[in-house]
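Participant: Sharing a structure, written as structure tokens. Questions coming.
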Amino acid sequence: MERDVKKLIEKAERPNKISPILHKFYGGKIQTLPKCPVRGLHDFDIWYTPGVAAVSKLITEDEDRSFEYTNRGNTVAIVSDGSRVLGLGNIGPVAGLPVMEGKALLFKYLGGVDAVPLSVDIHDPFELIRFLESIQPSFGGINLEDIEKPKCFYVLEEARKRLSIPVWHDDQQGTATVILAGLINALKLVGKKLSEAKLVLYGVGAANTKAAEVLMLAGANPRNIFLIDSKGVVHAGRRDILEKEKNPWKYRLAEKTNPDMIEKVEDAFRGADAVIAASRPGPNVIKKEWIRLMADDAIVFATANPIPEIWPWEAKEAGARIVATGRSDFPNQINNSLGFPAIFRGVLDVRAKTITDMMCVVAAKAIAEYAEEKGLREDYIVPSMEEWEVYPRVAVAVALESIREGVARRKMSRDELWDRAVTIIRNSRESLQKLMKAGIIEEMPEIGF
């Protein structure tokens with residue numbers, strides 16, 4: 001057993017050893033390529049001056065034409081100040097750039113969305129919102145990334161009010177979407193209902209704050225939700241939470257959840273049907289003895305990266321029936337990448353003005369339904385990123401919800417949306433394969449470990 005655990009840990013650590021070598025070899029992960037033909041220099045008379053002036057005049061008459069005559073309608077800005085990166089913390093905008101590039105790669109490969117990483121040295125929330133307003137003319141949407149709390153909550157709320165394009169914080173809405181998708185199917189497997197389940201949310205950062213809101217929107221009973229932060233179980237009587245100006249978002253949750261004001265972590269875990277951990281890298285952050293206190297057929301989501309709060313095999317030994325992590329090398333990866341590429345595909349296709357939390361619920365249900373059709377198992381509660389057909393399905397669901405809520409600039413039928421999403425996503429994937437086959441993108445070098 002000890003030898004097996006050692007092998008699993010070595011496997012988990014391998015990507016960290018390989019990644020720096022390959023990042024240096026390729027000089028990053030993304031580049032810009034033309035999407036129009038250039039047969040000779042005269043074509044620039046059309047694509048640039050003098051021909052482009054006619055296009056600018058058309059947009060002057062109606063700015064929404066920018067979504068048709070430029071790539072704005074398929075371009076997203078990935079904006080980060082690097083203040084809360086992965087499991088690394090406040091490493092700053094420059095060190096956070098490789099993560100933003102990775103996000104851009106996922107946007108393109110999984111959703112056919114062109115994304116531009118913008119790591120910014122702006123730390124004041126008011127200035128950051130002003131920056132988002134100033135770049136709005138160039139983009140069809142904005143993805144906020146790796147911004148510390150509680151600043152991230154304020155920036156998202158204000159930006160959604162002020163901007164007329166979708167603004168999304170993936171560490172909040174993206175994580176919440178995939179958590180809900182996984183929980184829907186996990187509860188289905190164990191024969192329990194979301195409306196009746198006792199849920200422990202371990203960690204009250206960006207991810208679980210929004211997860212709590214989205215879970216309640218989807219039907220979870222707030223009286224059965226228990227949030228745990230670094231100071232213990234959250235409740236309305238805690239003195240630090242009563243200072244609501246520091247974190248009004250946590251204060252609002254404290255008023256709705258844990259009505260009996262349970263204070264001990266052990267009491268929160270006792271009889272819980274599911275624990276959703278989105279806190280700090282482990283292992284041993286979630287204790288085995290806490291898992292033993294949970295209800296039969298317990299569900300454990302340990303989503304911290306790069307190391308989950310508890311190793312999956314340890315959670316199983318403690319009695320968990322279904323275990324999920326944030327890693328691709330373990331079963332049941334609760335990964336934002338199942339959500340954001342398709343969600344943006346959907347809102348961009350109908351030129352939506354915002355992304356609402358109900359769109360997160362709709363996307364989660366589409367992800368869950370896809371996995372259910374494939375056949376649910378204890379080690380398969382959500383699709384993997386390899387199952388690309390899930391992305392157009394989620395895109396269509398979100399686009400239709402945008403139309404239903406009245407925030408879409410254009411209306412399309414389900415069939416039109418499906419054909420568009422499938423075509424764009426397939427073309428994106430096939431373009432990459434052709435570049436690799438032609439040798440324009442070099443093969444990976446062999447690495448000896």
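Participant: Does any residue of region 218-232 turn out to be under 23 Å from residue 377 (Cβ atoms), not hydroxyl-bearing (Ser, Thr, Tyr) and not assigned by TED's automatic domain parsing to the domain that holds residue 129? Spell out the reasoning first.
Facilitator: Restricting attention to region 218-232, the residues satisfying the condition of being under 23 Å from residue 377 (Cβ atoms) are 218.
Retained after the next criterion (residues that are not hydroxyl-bearing (Ser, Thr, Tyr)): 218.
Narrowing the set further to residues that are not assigned by TED's automatic domain parsing to the domain that holds residue 129 leaves 218.
Among the residues of region 218-232, at least one is under 23 Å from residue 377 (Cβ atoms), not hydroxyl-bearing (Ser, Thr, Tyr) and not assigned by TED's automatic domain parsing to the domain that holds residue 129, which makes the answer yes.
Participant: Now, a different point. Starting from region 51-68, take each residue that is under 23 Å from residue 352 (Cα atoms) and list its partners that are of a type in the set (A, V, I, L, M) and part of a helix (DSSP H, G or I), counting only C-beta distances under 6 angstrom and pairs at least six apart or across chains.
Facilitator: Pairs found: 65/58; 65/59; 66/59.
Participant: Do you know which of the residues in region 293-308 that are in a loop (DSSP other than H, G, I, E, B) and over 19 Å from the mean Cα position of the chain (by Cα) is farthest from residue 331 (Cα to Cα)?
Facilitator: Here is the first cut: in region 293-308, the ones in a loop (DSSP other than H, G, I, E, B) are 293-297, 303-308.
Within this subset, residues satisfying the condition of being over 19 Å from the mean Cα position of the chain (by Cα) are 293-297.
Numbers: 293: 24, 294: 21, 295: 22, 296: 21, 297: 17 Å.
Residue satisfying both the conditions and the ranking: 293.
Participant: If a residue counts only when it is surrounded by fewer than 22 Cβ atoms within 10 Å (Cβ to Cβ), which helices (runs of 4 or more DSSP H) contained entirely in region 319-420 have at least 3 such residues? First the steps, then the outcome.
Facilitator: Working: elements: 340-349, 357-374, 390-404.
Where helices (runs of 4 or more DSSP H) fall fully within region 319-420 and carry at least 3 residues being surrounded by fewer than 22 Cβ atoms within 10 Å (Cβ to Cβ), they are 357-374, 390-404.
Participant: To continue, here is another question. Being assigned to a helix (DSSP H, G or I) and over 13 Å from residue 310 (Cα atoms) is the filter here, so list the residues in region 251-291 that pass it.
Facilitator: If we filter region 251-291 for residues that are assigned to a helix (DSSP H, G or I), which is where we start, we get 251-256, 265-269, 288-291.
Selection gives 251, 252, 253, 254, 255, 256, 265, 266, 267, 268, 269.
Participant: What single numbered condition from (1) in contact with a strand residue (DSSP E or B) (Cβ under 6 Å, 6 or more places away or on another chain); (2) not in a strand (DSSP E or B) fails to hold for residue 188?
Facilitator: Only one criterion is unmet by residue 188, namely (1).
Participant: Where the second residue is at pLDDT 95 or above and of a type in the set (Ser, Thr, Tyr) and the first is over 23 Å from residue 151 (Cβ atoms) and lies in region 246-266, which pairs have Cβ atoms under 9 Å and are six or more apart or on separate chains?
Facilitator: From region 246-266, the pairs are 265/202.
Participant: Might you let me know whether region 159-173 holds any residue that is within 16 Å of residue 324 (Cβ to Cβ) and surrounded by 23 or more Cβ atoms within 10 Å (Cβ to Cβ)? First the steps, then the outcome.
Facilitator: In the first step, residues of region 159-173 are kept if they are within 16 Å of residue 324 (Cβ to Cβ); the result is none.
No, the conditions are met nowhere in region 159-173.
The values are calculated or read from the model by the stated rules, or taken from the named source; none is laboratory data. As the structure is a computational prediction, the values presented were derived from the model and not from experiment. With ideal geometry, Cβ positions are generated from the backbone for all residues, glycine too; neighbour counts draw on all protein chains shown.
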